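K.L.:
Starting off with a structure, shown below.
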Amino acid sequence: MAAAALLGGGLAVGTGLGNAGENCDGLDTALRNNLTFIADQRANPDALSNDRIANRQAVVDLIQQRRATAGCTADVSVDAPAAPPATAPAQQPPAQAAPGGTGSGQDGTGAGEVVCKGSTVTLFNEAAGPAASSGTFPVGTTLKVTNLDNDKSITVTVTSTSGSCILLNDAAFEQVREAGRFVIRRAVVERLG
């Protein structure tokens, strides 16, 4: 619960430099969110905290490289803990998860345009129905994410902005991740419609 209150977003960093756009504000926000997540995991550890911290530290290292390449110079620090919301967040329309065995392969299903090639996908904490965050696509865009390592897919709507091509919230990420993993390294992302 504390992680959900602290984290406004995470980051999925693409290996290609053009995937997320080199926007210093977006990269700084993604860095701050990941540093805040790591600090929260250290302050409130559980059985999976070490794995989560290791995954997020790898993401932080990639963000720092991208910030250096983009010439970003802001001093980024950990956010102070946020107060819990006074009211429950609005319920997002449920996203549909495709069953395993979709046969999407390396190039997707052909249902949409393959985007964010070479990107890894991670998560951001949000207590809502399955949804995504993106710095590449506008709010309202429908994206399909397929985890090539287990052939599970989910179709989600972008509901917020971030400094990365795509992030999945907790509810969406749980439907496509492999047990014990908090990064999808081999993903196909398709823009639908």
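The values are calculated or read from the model by the stated rules, or taken from the named source; none is laboratory data. The shown structure was predicted, so the numbers you read here are calculated from the model rather than taken from an experiment. Cβ atoms come from the backbone with ideal geometry, glycine included; neighbour counts cover every protein chain shown. All accessible areas refer to the heavy atoms of the entire protein, side chains included, with ligands and DNA or RNA removed. Shrake-Rupley method; radii C 1.70, N 1.55, O 1.52, S 1.80 Å.
K.L.:
By how many nm would the segment from E113 to C24 lengthen if fully extended, with 0.36 nm per residue of separation less the alpha-carbon distance?
P.N.:
Full extension of this stretch gives 29.4 nm more.
K.L.:
On to the next question. How much length, in nm to one decimal, is gained on full extension between V139 and N44, taken as 0.36 nm per residue of separation minus their Cα-Cα distance?
P.N.:
The span from V139 to N44 would gain 31.0 nm if fully extended.
K.L.:
Only residues of region 119-140 count here: report those whose backbone N is under 13 Å from the spot 7 Å along Cα→Cβ of D149, or say none.
P.N.:
Only 120-123 fall inside the zone, counting backbone N under 13 Å.
K.L.:
Then there is this: In nm, to one decimal, how far is the Q64 label point from the V78 one, both placed 7 Å along Cα→Cβ?
P.N.:
Those two pseudo-labels are separated by 1.6 nm.
K.L.:
What do you reckon, how do T161, T120 stack up by accessible area (1.4 Å probe), largest on top?
P.N.:
T161, T120
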